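Reviewing the structure listed below.
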Amino acid sequence: MLEIGNKVHDEARQGEAYAPANVGVRQFNKKFYIESYGCQMNFSDSEIIASILEEQGFGATRNLEEADLIFLNTCSIREKAEQTVRKRLSEFRQAKKSNPSLLVGMLGCMAERLKTKLLEEEKLVDIVVGPDAYRSLPVLISQADEGQKAVNVLLSREETYADIAPVRLNSNGITAFVSIMRGCNNMCSFCVVPFTRGRERSRDAYSIVAECNGLVSKGYKEVTLLGQNVDSYYWRNPETGEDVTFAKLLEMVAGISSNLRVRFSTSHPKDITDDVLHTMSAYENICRYIHLPVQSGSTRILQLMNRTYTREWYLAKVKRIREIMPDCGISSDIIAGFCTESEDDHRDTLDVMEQSAYDFSYMFMYSERPGTLAAKRYADDISTDIKKRRLEEIVSMQNRLSLESNKKDLGNIYKVLIEGNSKKNDQHWMGRNSQNKVVVFPKEGNLNPGDYVFVKVHDCTQGTLLGTLI
Ligand code: SAM
Ligand code: SF4
């Protein structure tokens, strides 16, 4: 397994067809089917799209056969992600043949990256909509209904969909994602996100708090605040001039209810401040877990990647996190085989992983993306065989670190939020501790998803803590 699923980029959920949590609450004459790919931002956007479409009388379905509209919410982060979507698209050919009025729409990052080229390359596609243009979907659908191809890939400096209450899709009713910002200004040289999602903008803090309040009143127990770089969240109240930083926002959300767990993702190492760390440690309900992607452990490669920190600076940040919160879980993203990466650079990456003692990581082979700074400046000169071998070494290092980290938890007692049945055994509950580790334990007594319980860990695998209720 090259990418260990956690909540932000869950391999198991790629291509998942979405349907509302409360099936049958409203009846709709027209139906849309949506599959989401890529990072959690896309899954969260699909919930905004569902809300926009419901207003227009379209209900979500998980059954392709009854759909009037098919949407793929796409990802461009690596070439493989785009290939997966293209392959999936070709599978809709038959559905379109048997129902010529069926409309097919490409949404998200791939739509933004390829624009009208997508219509030329994929004749099946009727609608192309970028991440900032979802409000125009109803107009584009009518246009496509009349037989015209419909495209809107305009990026915006303001759009945050702040006023749209997302329709929760495929929800367990316990945990939810809340978008707090969009876009990214960082320009890491390997990354296509600044081109597909545009400039960074932060959402009105009070609309975020209102959304979280709404979730609490529906019984949700955990929110994950989402953004490409949450630590650079910054919103100024236009009426009062009040400044809201990410630390302040965390405080506002954590203050809603001590029963509501707060998580966030992703943190760029350059932006996470002591303020954020102190706020985390001050609130029991802000989870002790930080996703802090390093990308590479070599200062030379980090410079080429335009990550703006050195290996020493990164390691000092990890040390600082553990000084302030000794029990904080840390995870990472790592890229193997970036342009010019030598064996020494690769060993530096393995060394940073070991020193940081990550609980888990997402690990990728470098994939050159057209239009990025790296594609323009540097040759993609590491062979696939070498990338593969280095990735395997990174994965086996992470496997060892994950197991070591879990073994350290044996005998510990954790507060666990029950999310549902264990996948492998419905006589066991599955939940997470504050550090975002999956905890599985036998069912006892009268408990339900959404309950907090205390579990003593007595065994573990590389990916799971096994325990019993106390
Ligand atoms: N904004 C987040 C950050 O900076 O950490 C995450 C952005 S991206 C959606 C998730 C991860 O994909 C990145 O952290 C990086 O490891 C990986 N990634 C991005 N571009 C890539 C590329 N061209 N090839 C391989 N992996 C890539
Ligand atoms: Fe991409 Fe870097 Fe922005 Fe993350 S911080 S989305 S890796 S440019």
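Please state the relative contact order of the range 124-182 as a whole percent: Cα pairs under 8 Å, 6+ residues apart?
Dividing the mean separation by the residue count of the range 124-182 yields 32 percent.
Please compute the net charge surrounding Leu103, taking Lys and Arg as +1 and Asp and Glu as -1 over other residues with Cβ under 12 Å from its Cβ.
That sum, taken over residues with Cβ under 12 Å, equals 0.
Once R0 is set to 35 Å, what does the formula 1/(1 + (r/R0)^6) return for the Cβ-Cβ distance between Lys96 and Leu154, expressed as a FRET efficiency to the nearest 0.05?
After rounding, the FRET efficiency stands at 0.85.
Which value in Å is the Kirkwood Rh of the range 253-302 over different Cα pairs?
12.4 Å
For the range 27-104, report the translational diffusion coefficient in µm²/s to the nearest whole number, using Stokes-Einstein at 10 °C, 1.306 mPa s, and a Kirkwood Rh over Cα pairs.
Once the numbers are plugged in, D ends up at 120 µm²/s.
Rounded, prolate or oblate: which fits the range 376-470 when a ≥ b ≥ c are the square roots of the eigenvalues of the alpha-carbon gyration tensor, with rounded for a/c under 1.5 and prolate only if a/b beats b/c?
Prolate is the answer for the range 376-470, as a/c is 1.5 or above and a/b outweighs b/c.
In the range 284-316, which residues have a backbone nitrogen under 16 Å from the label point lying 7 Å from Asp274's Cα in the Cα-to-Cβ direction?
Backbone N within reach: 316.
Taking Rh as the Kirkwood radius computed over C-alpha pairs, what is the Stokes-Einstein D of the chain at 10 °C in a medium of viscosity 1.306 mPa s, expressed in µm² per second?
In µm²/s, the coefficient is 68.
Given H placed on each backbone N at 1.01 Å, which residues far from His291 in sequence or on other chains put an amide H within less than 5 Å of it?
Residues meeting the criterion, in which the H sits 1.01 Å from N, are Ser267, Ser331.
Starting from 0.36 nm per residue, how many nanometres of slack lie between Val216 and Asp459 once their C-alpha separation is accounted for?
Roughly 84.2 nm would be gained on extension.
Relative contact order for the chain using alpha-carbon pairs under 8 Å, separation at least 6, rounded to a whole percent?
Worked out over the chain, it gives 10 percent.
Report the Cys residues of the chain lacking a disulfide-compatible partner, meaning no second Cys Cβ under 4.7 Å from their Cβ.
Cys39, Cys75, Cys109, Cys184, Cys212, Cys287, Cys328, Cys339, Cys460
Over the range 234-366, what relative contact order in percent results from Cα pairs under 8 Å that are six or more residues apart?
Averaging sequence separation for qualifying contacts and normalising by length gives 22 percent for the range 234-366.
Quick one: what are the phi-derived ³J(HN,Hα) couplings along the range 140-153, Karplus 6.51/-1.76/1.60 with θ = phi - 60°, whole Hz, x for glycine and proline?
5, 5, 4, 4, 5, 4, 7, x, 8, 6, 10, 9, 9, 10
Hey, what number do you get for the chain at 222 nm if only DSSP H runs of n ≥ 4 count, each worth -39500 (n - 2.57), divided across all residues, to the nearest 500?
Rounded to the nearest 500, it is -10000 deg cm²/dmol.
Could you pull out the trypsin sites (Lys or Arg not before Pro) across the range 406-470 that fall in loop regions by DSSP (anything but H, G, I, E, B) with no more than 16 other Cβ atoms inside 10 Å?
Here the sparse-neighbourhood loop sites are Lys423, Lys424, Lys443.
Taking the C-alpha atoms of the range 215-270, how large are the radius of gyration and the largest Cα-Cα span, Dmax, in Å?
Final numbers for Rg and Dmax: 12.6, 36 Å.
Once you have the Cα-Cα distance between Ser257 and Glu404, take 0.36 nm times their residue separation minus that, and quote the gain in nm to one decimal.
Contour length minus the Cα-Cα distance gives 49.5 nm.
Using all C-alpha to C-alpha distances in the range 299-418, build P(r) with 5 Å bins and read off the rounded percent in each one.
2, 10, 18, 21, 19, 13, 8, 6, 3, 1, 0
Express as a percent, rounded to the nearest 5, the fraction of DSSP beta bridges in the chain (both residues included) that run antiparallel.
Percent antiparallel among DSSP bridges in the chain is about 40.
So which GluC sites (Glu not before Pro) in the range 68-168 are both in a DSSP loop and have at most 10 other Cβ atoms within 10 Å of their Cβ?
The qualifying sites are Glu91, Glu146, Glu158.
Would you please give the residues with an amide H less than 5 Å from that of Ile286, counting only those at least 5 places away or on a separate chain, with H modeled from the backbone geometry?
Val262
Coordinate-derived values only; no laboratory data. For clarity, every value in this text was computed on a predicted model and none was experimentally measured. A quick note on method: Cβ atoms are made from the backbone with ideal geometry, for glycine too, and the neighbour counts reach across all protein chains shown.
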